[in-house]
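*Asks:* Supplied in structure tokens, the structure appears directly below.
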Amino acid sequence: MFDERSPIYVQIADGIKNDILSGALEEDGQVMSTNQYAAFYRINPATAAKGFAQLVDEGVLYKKRGIGMFVTPDARAKLRDERRKRFFADVVGPMLEEAARIGVSVDEIRKHLDGATR
Amino acid sequence: MIPMISVRDLTVRYGATTAVDGLTMELAPGRIYGLLGRNGSGKTSLLSVLAAYRRADGGSVEIDGVDPFENARIMRDTVFVRDTLDVPEGDRVGKVLDFHARLRPRWDAGLAERLTEAFGLDRRKRVSALSRGQRSGLGVVLGLASRASLTLLDEVYLGMDAAARSTFYRELLDDYLAHPRTIILSTHLIQEVADLFEEVVIIDRGRLVVQEETDTFRARGVAVTGPAEAVETFVSGRTVLGRQSLGGVRQATLYGGLGDEEERRAEQAGLSLAPVGIQDLFVHLTSGEHTPEAVR
């Protein structure tokens with residue numbers, strides 16, 4: 001499940017964000033405890049805790065004392081906004097660069113998209 | 001109470017050989033540490049002093065603020081498992097387990113029974129009749145079921161097949177989650193167990209090379225690949241752990257993570273960056289080309 005490309009706690013945080021975006025984790029819903037998470041993914045609980053702490057810092061999760069961690073009510077909309085802002089820079093930009101490298105014109109891309117959505 | 005471990009300027013000698021050479025480190029309580037080092041790097045000697053199996057030749061070790069040597073209170077709560085197993089060879093498995101159950105105040109008989117079965121150990125068999133993998137299995141049973149506040153496991157997986165090792169890692173983590181304690185696990189098989197370590201401690205030639213959060217350590221290795229000249233320009237002034245070339249293409253392994261700005265600069269120079277696996281990073285750091293001081 002985890003790769004070498006980034007620290008595991010970052011991958012944990014990203015995985016939870018994706019689950020919130022897809023709706024697999026509901027707003028105000030409880031997420032697994034760090035121990036459950038550690039046991040499930042076979043990782044040190046401190047690593048899991050670090051991923052969760054980052055999400056609390058970012059306002060994606062919040063803590064209920066003595067109960068556990070929950071998804072912030074507006075987390076989904078906030079994450080969507082962030083991802084939408086980065087979409088052109090992170091996804092479309094590299095695609096256009098690759099297109100330029102191999103001589104695919106913007107026109108061709110446009111045609112392809114028109115075809116794909118028709 | 002889970003003890004704090006403090007090692008100061010520790011030296012261990014065997015005749016003319018210095019196994020541990022002025023090693024200083026502090027280990028916070030309640031964590032799983034991975035102790036990594038090549039054969040002969042001093043891992044077993046270090047653990048032997050922590051377990052009070054032998055005395056330091058120089059420097060000091062404090063567990064919970066006191067010297068563990070011949071300290072009954074500390075020793076009752078310390079377990080050390082190494083490849084020699086240190087149990088009577090003529091005893092049957094059942095007798096060994098019963099003896100430890102009486103010796104260890106927090107012995108978990110249920111866990112011992114489950115693990116004994118998981119590792120395919122026959123209680124009626126004599127220790128001398130066990131296979132290498134079964135001996136290791138018995139070591140793991142003693143190490144985990146003792147549930148000691150300080151648990152020292154020295155390459156306890158020898159001879160275990162992949163399935164048995166996987167059982168060992170799973171049981172170790174589950175029992176740690178339920179009963180947090182300080183566990184130091186020495187190993188060569190870093191890749192398959194690294195995710196369990198909160199911190200890695202790497203020693204080489206009796207000296208400390210790295211003590212760091214596993215995730216932080218993992219991020220320190222970067223492989224830079226591209227035209228030889230561009231690679232050399234980019235890596236100049238950095239800690240290069242290794243180089244290899246294929247035709248005009250060179251790959252240099254760097255120690256120390258790159259910032260966003262540096263990553264952009266590498267990309268502009270036509271270089272590709274890739275992470276270095278934790279096992280490779282360890283091999284590079286202890287391959288003898290670099291003095292431990294070089295990466296500090």
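*Asks:* Can you find a residue in segment A:20-34 that is facing another protein chain (nearest Cβ under 10 Å) and assigned to a helix (DSSP H, G or I)?
*Replies:* Within segment A:20-34, one or more residues are facing another protein chain (nearest Cβ under 10 Å) and assigned to a helix (DSSP H, G or I).
*Asks:* Taking the conditions exactly as written (within 14 Å of chain A (Cβ to nearest Cβ) and aliphatic (A, V, I, L, M)), does residue B:194 satisfy them or not? Full working, then the answer.
*Replies:* Numbers: within 14 Å of chain A (Cβ to nearest Cβ): yes; aliphatic (A, V, I, L, M): yes.
Yes: the conditions hold for residue B:194.
*Asks:* When segment A:38-58 is examined, which residues are found to be open to solvent by 20 Å² or more (accessible area, probe 1.4 Å) and more than 14 Å from chain B (Cβ to nearest Cβ)?
*Replies:* Passing the criteria: A:56, A:57, A:58.
*Asks:* Do we have any residue at all in segment B:117-136 that's closer than 17 Å to residue B:182 by Cα, open to solvent by 40 Å² or more (accessible area, probe 1.4 Å) and touching a residue at least 40 places away in the same chain (Cβ under 8 Å)?
*Replies:* No - not one qualifying residue is present in segment B:117-136.
*Asks:* Out of curiosity, is residue B:270 touching a helix residue (DSSP H, G or I) at 6+ places or on another chain (Cβ under 9 Å), more than 30 Å from residue B:30 (Cα to Cα) and assigned to a loop (DSSP other than H, G, I, E, B)?
*Replies:* Taking the combined requirement at face value, the residue satisfies it.
*Asks:* Can you tell me how many residues within segment B:63-82 are touching a residue at least 24 places away in the same chain (Cβ under 8 Å) and surrounded by fewer than 16 Cβ atoms within 10 Å (Cβ to Cβ)?
*Replies:* Adding up the residues that qualify gives 2.
A quick yes/no check of all residues on (1) of a type outside the set (S, T, N, Q); (2) out of contact with any helix residue (DSSP H, G or I) (no Cβ under 9 Å at 6 or more places or on another chain); (3) at positive phi; (4) within 14 Å of chain A (Cβ to nearest Cβ):
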{"residue": "B:23", "(1), (2), (3), (4)": "yes, no, no, no"}
{"residue": "B:29", "(1), (2), (3), (4)": "yes, yes, no, yes"}
{"residue": "B:43", "(1), (2), (3), (4)": "yes, yes, no, no"}
{"residue": "B:48", "(1), (2), (3), (4)": "no, yes, no, no"}
{"residue": "B:55", "(1), (2), (3), (4)": "yes, no, no, no"}
{"residue": "B:72", "(1), (2), (3), (4)": "yes, yes, no, no"}
{"residue": "B:103", "(1), (2), (3), (4)": "yes, no, no, no"}
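*Asks:* Right, here's the next one. Kindly indicate which of A:14, A:28, A:81 is within 25 Å of residue B:174 (Cα to Cα) and either in contact with a strand residue (DSSP E or B) (Cβ under 9 Å, 6 or more places away or on another chain) or at pLDDT below 95 (or both).
*Replies:* One residue alone meets the criteria, A:14.
*Asks:* On to the next question. Suppose we keep only residues that are more than 11 Å from every other protein chain (Cβ to nearest Cβ) and hydrophobic (A, V, I, L, M, F, W, C) within segment B:172-191. Which one would you say is nearest to residue B:156 (Cα to Cα)?
*Replies:* It comes out as B:185.
*Asks:* So which residues in segment B:273-296 are modelled with pLDDT of 80 or more and either open to solvent by 20 Å² or more (accessible area, probe 1.4 Å) or not in a helix (DSSP H, G or I) (or both)?
*Replies:* Within segment B:273-296, B:273, B:274, B:275, B:276, B:277, B:279, B:280, B:283, B:284, B:286, B:287 meet the criteria.
*Asks:* Just wondering, is there one or more residues in segment B:170-184 that are under 29 Å from residue B:59 (Cα atoms), open to solvent by less than 30 Å² (accessible area, probe 1.4 Å) and not aliphatic (A, V, I, L, M)?
*Replies:* Looking through segment B:170-184, at least one residue is under 29 Å from residue B:59 (Cα atoms), open to solvent by less than 30 Å² (accessible area, probe 1.4 Å) and not aliphatic (A, V, I, L, M).
*Asks:* Given the structure, is residue A:77 within 14 Å of chain B (Cβ to nearest Cβ) and among the small types (Gly, Ala, Ser)? Before you say what the answer is, go through the steps one by one.
*Replies:* Values: within 14 Å of chain B (Cβ to nearest Cβ): no; among the small types (Gly, Ala, Ser): yes.
It is false that residue A:77 is within 14 Å of chain B (Cβ to nearest Cβ) and among the small types (Gly, Ala, Ser).
*Asks:* In the set B:51, B:28, B:19, which member is open to solvent by less than 10 Å² (accessible area, probe 1.4 Å) and at pLDDT 95 or above? So that I can check it myself, show each step before the final result.
*Replies:* Working: B:28 fails: open to solvent by less than 10 Å² (accessible area, probe 1.4 Å); B:19 fails: open to solvent by less than 10 Å² (accessible area, probe 1.4 Å).
So the residue among B:51, B:28, B:19 that is open to solvent by less than 10 Å² (accessible area, probe 1.4 Å) and at pLDDT 95 or above is B:51.
*Asks:* While we're on this one: Select from segment B:207-253 the residues that are touching a helix residue (DSSP H, G or I) at 6+ places or on another chain (Cβ under 6 Å), under 30 Å from residue B:24 (Cα atoms), of a type outside the set (S, T, N, Q) and open to solvent by less than 40 Å² (accessible area, probe 1.4 Å) and list them in ascending order.
*Replies:* Once the filter is applied, which keeps residues that are touching a helix residue (DSSP H, G or I) at 6+ places or on another chain (Cβ under 6 Å), under 30 Å from residue B:24 (Cα atoms), of a type outside the set (S, T, N, Q) and open to solvent by less than 40 Å² (accessible area, probe 1.4 Å), segment B:207-253 yields B:209, B:215, B:218, B:221, B:241, B:242.
The values are calculated or read from the model by the stated rules, or taken from the named source; none is laboratory data. Keep in mind it's a predicted model, so treat the numbers as computed, not measured. In this analysis, Cβ positions are derived from the backbone assuming ideal geometry, glycine residues included, and neighbour counts consider all displayed protein chains. These area figures cover heavy atoms from the full protein model, side chains too; ligands, DNA and RNA do not enter into them. Shrake-Rupley method; radii C 1.70, N 1.55, O 1.52, S 1.80 Å.
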